[in-house]
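Pasting in a structure now, in structure tokens, and then I'll have a few things to ask.
The values are calculated or read from the model by the stated rules, or taken from the named source; none is laboratory data. Keep in mind the model is a prediction, meaning the values are calculated, not measured. Quick reminder, even Gly has a Cβ in these numbers, built from the backbone with ideal geometry, and neighbours come from all protein chains shown. Side chains included, ligands, DNA and RNA excluded: accessible areas come from the protein's heavy atoms. Shrake-Rupley method; radii C 1.70, N 1.55, O 1.52, S 1.80 Å.
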Amino acid sequence: MKDISELEKIGIEFYLNQYSANQIYDNLEENFNNQPSNELSTDTPLQNFHTNKPEQEYKAQKKQHYLEVKDVKQFMGYQKAKELEKKIIDLLKNFPTYEKKHIVDQIGRSATSIKDRIAMGEQIYIGEKFNQYSISIGSAKETSAWLQISLAQKYITQGQYEDLDNLANQVVSILTKTLCHLKENEGKGMDLPNPYTPNVKHFGGYQNALLLVERIYEITGRQEFWQDKDLLYGLRRFATSCVANTAEAHQLYVPKKFKFFNDALKALNGLDGLLETAITKGIISKSSLEEIIRLRASIRDIISKRMGNISKSKIA
């Protein structure tokens, strides 16, 4: 847990002490006697072709890999995600119109994904629940990244940022606690990933990517770019994509971590190409890009090193 933020630690401990169920629902007593049966169907005789274990023992082993399906609307993680989505949708109405096809669409999409993936995780398969919650956690971290970008550009206030970022962190804490219970109980013996995810705000590559976005917004705000809107918005899109993908890479499964880290590297390459175009067109000079070039190289090195470390730890 060394990479978990203090807020995530506090949230996990709070809910761990408050609730003893496998998931955090706020109507446990009300629904305790109304849950669907978790028994496997016995309409067809169960045959075990892969083990010599008695049939009853095999049934018991299989049962632990399945869950009761509950009303996801009563799940606190879902409620927090829904609240976050609503607040963000309301807030986006005040964003500049020129960000409609970029930050506005992206943050709205990621916020909705948090809630939708939690809903999709309410099912019988433990492995798929981990998968859906992993995506939701990644979307929550991505949403926080877009909020940080919006704050830097003064599209939102510090108070608005803190309120929404806190909600996103609460969702991550609740989902993490829920997955911990599943892994330790119903999922015991299954090959499930570690539910804890690093705090992306402590990741050097992420911090440098945020600085890169600020510098890109600064240079594209110059009058020279006003006549080439495709170049202007392309540079901003690639720079912010690097931040968003770096944040979303901080989820449970190694293949997905690699995918999003790789997408961040691809965004850097796209940025390189457009910067070269801007230099060729005489819109900017190479000397004016020294800090951006330095940041780009640093981000690439940090992300590549992180991917290498993940590979080594997985092999070990």
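Please determine, by comparing only the residues of segment 183-207 that are in contact (Cβ under 8 Å) with a residue 60 or more places away in the chain and not in a loop (DSSP other than H, G, I, E, B), which one is most open to solvent (accessible area, probe 1.4 Å).
HIS202
Next question, about the same structure. Could you check how many residues of segment 211-230 are open to solvent by less than 20 Å² (accessible area, probe 1.4 Å) and not polar (S, T, N, Q)?
Of the residues in segment 211-230, 6 are open to solvent by less than 20 Å² (accessible area, probe 1.4 Å) and not polar (S, T, N, Q).
Any chance you could count how many residues in segment 138-164 are closer than 15 Å to THR112 by Cα and charged (D, E, K, R)?
Number satisfying all stated conditions: 2.
To keep it simple, each residue is scored yes or no on (1) touching a Lys or Arg at 6+ places or on another chain (Cβ under 9 Å); (2) surrounded by fewer than 14 Cβ atoms within 10 Å (Cβ to Cβ); (3) not basic (Lys, Arg).
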position: LEU232; (1), (2), (3): no, no, yes
position: THR240; (1), (2), (3): no, no, yes
position: ASN262; (1), (2), (3): no, no, yes
position: GLY282; (1), (2), (3): no, yes, yes
position: GLU290; (1), (2), (3): no, yes, yes
position: LYS305; (1), (2), (3): no, yes, no
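A further question follows. Restricting attention to segment 140-166, which residues are open to solvent by 40 Å² or more (accessible area, probe 1.4 Å), without any contact (Cβ under 8 Å) to a residue 60 or more places away in the chain and charged (D, E, K, R)?
Within segment 140-166, LYS154, GLU162 meet the criteria.
When you check SER134 against the structure, is it of a type in the set (S, T, N, Q), more than 29 Å from GLY189 (Cβ to Cβ) and either part of a helix (DSSP H, G or I) or open to solvent by 20 Å² or more (accessible area, probe 1.4 Å) (or both), yes or no?
Taking the combined requirement at face value, the residue does not satisfy it.
Looking at segment 170-180, which of its residues are of a type outside the set (D, E, K, R) and open to solvent by less than 30 Å² (accessible area, probe 1.4 Å)?
Within segment 170-180, VAL171, VAL172, SER173, ILE174, LEU175, THR176, THR178, LEU179, CYS180 qualify.
Conditions (1) touching a helix residue (DSSP H, G or I) at 6+ places or on another chain (Cβ under 7 Å); (2) farther than 17 Å from HIS102 by Cα; (3) outside any helix (DSSP H, G or I); (4) modelled with pLDDT under 95, marked per residue:
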| residue | (1), (2), (3), (4) |
| --- | --- |
| LEU235 | yes, no, no, no |
| ASN245 | yes, no, no, no |
| HIS250 | yes, yes, yes, no |
| LYS257 | yes, yes, no, no |
| ALA267 | yes, no, no, no |
| LEU271 | yes, no, no, no |
| GLU276 | no, yes, no, no |
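Among the candidates ILE156, ILE219, single out the residue that is modelled with pLDDT of 95 or more and part of a loop (DSSP other than H, G, I, E, B).
So the residue among ILE156, ILE219 that is modelled with pLDDT of 95 or more and part of a loop (DSSP other than H, G, I, E, B) is ILE156.
Give the residues of segment 107-131 that are open to solvent by 60 Å² or more (accessible area, probe 1.4 Å) and in contact with a helix residue (DSSP H, G or I) (Cβ under 7 Å, 6 or more places away or on another chain), sorted by residue number.
Answer for segment 107-131, where residues must be open to solvent by 60 Å² or more (accessible area, probe 1.4 Å) and in contact with a helix residue (DSSP H, G or I) (Cβ under 7 Å, 6 or more places away or on another chain): ARG117, MET120.
What number of residues within segment 81-120 are closer than 21 Å to VAL243 by Cβ and either part of a loop (DSSP other than H, G, I, E, B) or of a type in the set (A, V, I, L, M) (or both)?
Total meeting the criteria: 11.
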